[in-house]
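Take a look at the structure set out below.
The values are calculated or read from the model by the stated rules, or taken from the named source; none is laboratory data. These numbers come from a predicted model, not from an experiment. We place every Cβ from the backbone using ideal geometry, glycine too, and count neighbours over all the protein chains shown. For accessibility, only protein heavy atoms count, side chains too; no ligands or nucleic acids. Shrake-Rupley method; radii C 1.70, N 1.55, O 1.52, S 1.80 Å.
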Amino acid sequence: MKKRLIGYAAALLAVSMLAGCGAPAAGTGAAADPGSQAGASQAGASQSGTSQADASQTGTSQTDASQSAGAEGASITFWHSMGGVNGEALEYLVNKFNSENTMGIRVEAQYQGEYDDAINKLKSAQIGNMGADLVQIYDIGTRFMIDSGWVVPMQELIDADGWDKTQIEPNIAAYYTVGDTLYSMPFNSSTPLLYYNKDMFDKAGITQAPGSLGEIGRIADDLVNKGGAGEPISLSIYGWFFEQFTCKQGLNYVNNGNGREAAATAVEFDQNGAGAKTLAAWKELYDKGYAPNVGRGGDAGLADFSSGKSAMTLGSTASLKQILEDVNGKFEVGTAYFPMVSESDKGGVSIGGASLWALNNEDEAKKAATWEFVKFLVSPESQAYWNAQTGYFPVTVKAHEEPVFRENLEKYPQFGTAIDQLHDSTPQSAGALLSVFPEARQVVETEIENMLNNGTSPEEAASEMAQQINKAIGEYNLLNE
């Protein structure tokens, strides 16, 4: 399988670049976490740090003495996609680990560009030699990484160390778990939220945020006529949102248990009605002028909201701090759960973001060192700091007990909505695993644009999405039989 997959990766590399890899506006996965793309030219690189703490504080516990001893003096390379303030926060954590771990482990963190750039570089590197020991890969690269044969599943490292996996938020771990195997370690995780202008809602006499696309339509006129909104909602054309609307309906995006019982062979949203239902509600908002076309990608709707033009928008939890900064007190920002398509829907939300993958370099010392570093990154202290600096969820349950987390939640109470939404969801809403997800998102966004701009019906759009994605799935699976 590995050789065939490498061949597919090489062929796909050029296609991905032509499809706009690394550009958040293209909606290829990076913009699920808009904050991670700020200042993308800045790289987080490891330098020496000065602070000291004991092993229990830094997450470098040595519960398995033999495994820890094997990591003594090892140096590892960590590829990541965190730029700007997120890159600075990651650099701090790398420096902290390098200065405080007692085993002489050194981590060299190397910025690889945005999510698409990083996975494409990994695909190229795998054709020759491995370039890293640990890599940060976005959520939609999960199925590809599992299929690649290039990784050491995190479950293997967890079991060898006797580490308690229940430390990880269950609804976050669920996305990266197939069967009973956690393949990668969640690190920077997010879900989408509805952001709304509380001042406009108060002027319009609306006392609570809408819970569905249908409700958005019913309050839209009041928000414009009474609340002073230029547009009710700035709704980005974004593949991640389409996937979330499918999750909210409690239905699968692809077959074979959403790609978790076996590799998907076809999409399911065209057969179970999820796609057409989502698109019909979307088109109705557009046709009535309530949700104009504001462009593609997760960031596309944020500017209209932050400027006070739109009363609502959809965006990642990782966008909260940026939105508050951009609004700068002009109005009160409210947060609510990501909307259902209709009030009868019973599903939850799936996470976005990225996770950490250990690459199999057949070097036991590097593998042991990689695991020590991963444990440090997901320790309560590290995750509380990461949350406060970036807005991503703390993936570790006990991070909620850290003073830094509590102080941040007090300062930004809107983030409590994201925590509640995560806990109110279920592992059954973990979302799909699909080998060709980046391509699928491109297709979905193109067909939504065609529906809005060219009058394609919701049913036709869903069917066209299915045909194109199924073709890509078939080609991938044929090369990896």
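Quick check on S99: is it modelled with pLDDT of 90 or more, in contact with a Ser or Thr (Cβ under 8 Å, 6 or more places away or on another chain) and open to solvent by less than 10 Å² (accessible area, probe 1.4 Å)?
No; evaluated as a whole, the condition is false for this residue.
When the residues of the stretch 231-262 are filtered to those that are more than 17 Å from the chain's Cα centre (by Cα) and of a type in the set (A, V, I, L, M, F, W, C), which remaining residue is nearest to I448 (Cα to Cα)?
L235
Name every residue in the stretch 347-398 that is assigned to a helix (DSSP H, G or I), among the charged types (D, E, K, R) and open to solvent by 10 Å² or more (accessible area, probe 1.4 Å), in order of residue number.
Hits for the stretch 347-398 are E364, K366, K367, E381, K398.
Give me the pairs, please: first residue somewhere in the stretch 294-306 and of a type in the set (S, T, Y), second residue anywhere and open to solvent by less than 20 Å² (accessible area, probe 1.4 Å) and assigned to a helix (DSSP H, G or I), beta-carbon distance under 9 Å, and either six or more positions apart or on two chains.
Filtered contacts from the stretch 294-306: S306/I323; S306/V327.
Among the residues of the stretch 352-382, write down those that are within 28 Å of P438 (Cα to Cα) and either without any contact (Cβ under 8 Å) to a residue 60 or more places away in the chain or of a type in the set (S, T, N, Q) (or both).
Within the stretch 352-382, S355, N360, N361, T370 qualify.
Considering only residues of the stretch 234-291 that are in a loop (DSSP other than H, G, I, E, B) and aromatic (F, W, Y), which is nearest to A462 (Cα to Cα)? Step through it out loud before you land on a result.
So the first thing to find is which residues in the stretch 234-291 are in a loop (DSSP other than H, G, I, E, B), and the list is 235-236, 238, 249-253, 260-266, 268-273, 288-291.
Then drop every residue that is not aromatic (F, W, Y), which leaves 238, 253, 269, 290.
Values: Y238: 15, Y253: 12, F269: 8, Y290: 22 Å.
Step by step, filter the stretch 234-291, then rank; the result is F269.
Please determine, by comparing only the residues of the stretch 304-340 that are in contact with a Pro (Cβ under 9 Å, 6 or more places away or on another chain) and assigned to a loop (DSSP other than H, G, I, E, B), which one is surrounded by the most Cβ atoms within 10 Å (Cβ to Cβ).
Only one residue fits best here, namely P339.
Can you tell me which condition E343 does not meet? The list is (1) open to solvent by less than 10 Å² (accessible area, probe 1.4 Å); (2) touching a helix residue (DSSP H, G or I) at 6+ places or on another chain (Cβ under 9 Å), and all the others hold.
Looking at each condition in turn, E343 falls short on (1).
For the stretch 416-465, which positions are open to solvent by 30 Å² or more (accessible area, probe 1.4 Å) and in contact with a Pro (Cβ under 7 Å, 6 or more places away or on another chain)?
Residue satisfying the conditions is P427 alone.
Within the stretch 179-189, can one find any residue that is open to solvent by less than 40 Å² (accessible area, probe 1.4 Å) and either farther than 18 Å from K375 by Cα or part of a helix (DSSP H, G or I) (or both)?
Checking the stretch 179-189: not a single residue is open to solvent by less than 40 Å² (accessible area, probe 1.4 Å) and either farther than 18 Å from K375 by Cα or part of a helix (DSSP H, G or I) (or both).
Looking for something among the polar types (S, T, N, Q), closer than 25 Å to N454 by Cα, open to solvent by less than 50 Å² (accessible area, probe 1.4 Å) and outside the structural domain of F415 (by the TED database) - is there at least one such residue anywhere in the stretch 283-303?
No, every residue in the stretch 283-303 fails to be among the polar types (S, T, N, Q), closer than 25 Å to N454 by Cα, open to solvent by less than 50 Å² (accessible area, probe 1.4 Å) and outside the structural domain of F415 (by the TED database).
Taking only the stretch 312-355 into account, find how many residues are acidic (D, E) and within 22 Å of N171 (Cβ to Cβ).
The number of residues fulfilling the criteria is 1.
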